[in-house]
Amino acid sequence: MARQSHLVTSRIGIIGAGVSGLAALKQLAHYDPVVFEASNCIGGVWKSCSYRSTKLQSPRNAYEFTDFPWPNRDDPSFPSHIEILDYLQSYAEHFDLLKYVRFNTKVVEVRFLAETVPAEVGGNKSMTYDSLLPGRPVWEVAVQSNQSNIIEWYAFEFLVVCIGKYGDVPKIPILPRNKGPEVFKGKVLHSLDYSKLDKDGASELLQGKKVVVVGFRKSAIDLALECAEANQGPEGQPCTMLIRTLHWTVPHYWVWGLPFFLFFSTRSSQFIHERPNQSLLRTILIRILLSPMRRVLSKFIESYVLHKLPLQKYGLKPDHPFIEDYASCQMAIMPEKFFPEADKGKILFKKASKWWFSSEGIEFDDNTKVDADVVIMATGYDGKKKLKDILPQPFSDLLEHPSGVIPLYRGTIHPLIPNMSFVGYIESVSNLHTSELRSMWLARLLDSKFKLPSVDKMLQHVWKEIEIMKRSSRFYQRHCISTFSINHSDEICEEMGWASWRKKNLLAEAFSPYGSQDYYGHE
């Protein structure tokens with residue numbers, strides 16, 4: 001049994017030292033925060049969930065902190081996960097952030113210190129927050145070091161949760177009874193397990209083996225390619241991708257000779273999409289007059305993708321419009337060598353909505369089967385469960401909403417959870433920039449530069465965003481703001497009192513090339 005230690009008090013606690021945790025730490029460093037990181041280094045999923053071939057999905061100059069540019073930011077190649085970790089390490093060292101981080105320290109419990117649940121949780125939605133730093137502890141956090149069985153307790157006035165939606169908790173498909181991995185004679189693992197293997201371990205797992213990769217998002221695509229490359233030669237076995245839902249992929253960020261960001265990531269291009277708090281006239285204009293323009297734009301991009309990639313040849317053309325994948329942050333770049341390996345028969349495809357394990361492999365509801373030695377689930381992560389495992393009742397239940405989206409005001413504050421914020425839980429065309437700007441917003445909020453609206457107004461704003469996302473894509477549960485990200489940033493800047501700064505940089509924003517997503521927007 002773990003022993004308990006004394007209570008340590010501080011004003012602000014931060015859980016996680018990935019990209020969003022570093023962004024929050026940089027902006028809140030003047031509060032001398034305590035940062036808990038379960039691993040032995042910074043970087044989050046870039047360290048714990050990366051393969052040998054993992055690369056950023058955007059140019060490096062679209063994935064950098066505003067006050068710390070890449071040293072080789074004009075290099076057109078997409079940086080590897082090793083380069084990104086080096087960049088994040090340099091950022092942390094440059095701003096002397098590592099001194100705040102407690103490495104190898106896992107959060108095992110969080111307690112709310114008030115004797116009763118706040119009134120706003122009980123239904124008083126007209127309540128406003130007077131102070132997010134009340135001068136007394138509100139949350140207790142229990143942590144345990146990897147090298148010790150001692151539980152340490154910390155108390156904070158405000159808690160920032162930055163553990164992200166990816167990594168740690170694999171999402172595993174629910175299969176029929178007695179038809180799960182237990183009946184399979186081969187090896188079953190999740191992509192999270194695969195990412196922990198070194199080069200030799202990965203080769204030993206894949207080489208000469210009949211491998212099935214479950215999934216068709218970016219991590220699954222990279223994994224299938226690694227499998228094909230490990231099985232070259234006459235003795236090599238093909239890798240089969242088991243696909244439930246197809247998604248659009250692109251060969252690069254150019255469409256018929258035009259840069260991709262011009263279509264979605266400028267102020268003028270986002271004008272044709274819905275946004276929160278729009279006027280009735282704009283709503284009519286968007287839904288009736290500009291709706292055909294959105295369909296034409298989607299078809300235009302689809303025509304280029306189908307021209308450049310053999311999606312129809314392999315039955316990989318999605319049934320839904322391209323714009324729905326962009327609106328849900330699920331567009332991925334197809335590796336250059338992927339389809340050449342498919343042409344050689346090293347990558348095969350099987351689309352099926354219902355499947356299960358047999359002793360020899362995978363069986364399907366059309367009475368076909370695929371023999372396998374290894375099955376790898378590239379099926380993503382359960383970020384909501386990861387959060388619910390940390391938060392106590394009744395707060396963990398507040399993360400559930402009929403829409404499937406965690407209701408976060410400005411993508412950061414849950415209106416019904418006091419003295420806590422979440423950074424890194426909404427997605428956009430550039431997740432690093434999204435986390436950094438919301439960390440700036442949070443810092444100014446805690447500095448009392450402005451105040452939050454009432455709980456009711458925050459909830460109304462969140463519901464409007466969710467309704468817009470639901471109308472934009474059937475995959476809206478990902479909480480992606482890509483089609484109205486500029487308007488989202490405008491409102492945040494204005495709330496911070498930066499309206500004049502925004503207008504000063506209006507032209508630069510209008511043509512900002514943030515037209516791509518980072519790797520982990522695709523799990």
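The values are calculated or read from the model by the stated rules, or taken from the named source; none is laboratory data. Note that the structure is predicted; figures quoted are calculated from it, not measured. In this analysis, Cβ positions are derived from the backbone assuming ideal geometry, glycine residues included, and neighbour counts consider all displayed protein chains. All accessible areas refer to the heavy atoms of the entire protein, side chains included, with ligands and DNA or RNA removed. Shrake-Rupley method; radii C 1.70, N 1.55, O 1.52, S 1.80 Å.
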field: Any helices (runs of 4 or more DSSP H) falling wholly within segment 8-113 and containing at least 3 residues that are free of Cβ contacts under 8 Å to residues at least 60 places away in the same chain
entry: 81-94
- prompt: Just wondering, is there one or more residues in segment 351-372 that are modelled with pLDDT of 95 or more, under 30 Å from Tyr253 (Cβ atoms) and open to solvent by 50 Å² or more (accessible area, probe 1.4 Å)?
  reply: yes
- request: Please give the number of the condition Gly345 fails out of (1) farther than 30 Å from Arg294 by Cβ; (2) among the small types (Gly, Ala, Ser); (3) at pLDDT below 95.
  value: (3)
query: Just one of the numbered conditions (1) touching a Pro at 6+ places or on another chain (Cβ under 9 Å); (2) touching a residue at least 40 places away in the same chain (Cβ under 8 Å); (3) not β-branched (Val, Ile, Thr) is not true of Leu399; which one?
result: (2)
- prompt: Would you say Thr245 is crowded, with 23+ Cβ neighbours inside 10 Å and among the polar types (S, T, N, Q)?
  reply: no
- prompt: Given the structure, is Lys199 surrounded by fewer than 17 Cβ atoms within 10 Å (Cβ to Cβ) and not hydrophobic (A, V, I, L, M, F, W, C)?
  reply: yes
message: Can you find a residue that is in a loop (DSSP other than H, G, I, E, B), within 28 Å of Glu140 (Cβ to Cβ) and at pLDDT below 95 anywhere in segment 428-440?
response: no
message: Given the options Ser403, Ser396, name the one that is modelled with pLDDT under 90, more than 22 Å from Phe322 (Cβ to Cβ) and hydroxyl-bearing (Ser, Thr, Tyr).
response: Ser403
query: If we keep just the residues of segment 91-105 that are aromatic (Phe, Trp, Tyr) and closer than 24 Å to Gln144 by Cβ, which is surrounded by the fewest Cβ atoms within 10 Å (Cβ to Cβ)?
result: Phe103
query: What residue, of Leu159, Leu192, Leu205, is part of a helix (DSSP H, G or I), within 26 Å of Ala17 (Cβ to Cβ), in contact (Cβ under 8 Å) with a residue 60 or more places away in the chain and not charged (D, E, K, R)?
result: Leu192
Residue count, segment 227-245 (criterion: within 18 Å of Gly380 (Cβ to Cβ) and outside any strand (DSSP E or B)): 2
message: What are the pairs with Cβ atoms under 6 angstrom where one residue, in segment 275-287, is under 23 Å from Ser428 (Cα atoms) and the other, located anywhere, is basic (Lys, Arg) and in a helix (DSSP H, G or I)? Sequence gap at least six, or different chains.
response: Pro276/Lys464
- prompt: Since Trp463 meets every condition but one in (1) open to solvent by 20 Å² or more (accessible area, probe 1.4 Å); (2) in contact with a Gly (Cβ under 9 Å, 6 or more places away or on another chain); (3) outside any loop (DSSP other than H, G, I, E, B), which condition does it not meet?
  reply: (2)
query: Is segment 377-385 home to any residue that is in contact (Cβ under 8 Å) with a residue 24 or more places away in the chain, in a loop (DSSP other than H, G, I, E, B) and hydroxyl-bearing (Ser, Thr, Tyr)?
result: yes
query: Mind checking which pairs have a first residue in segment 133-153 that is on the phi > 0 side of the Ramachandran plot and a second that is of a type in the set (A, V, I, L, M) and in a strand (DSSP E or B), Cβ under 8 Å, 6 or more apart or different chains?
result: none
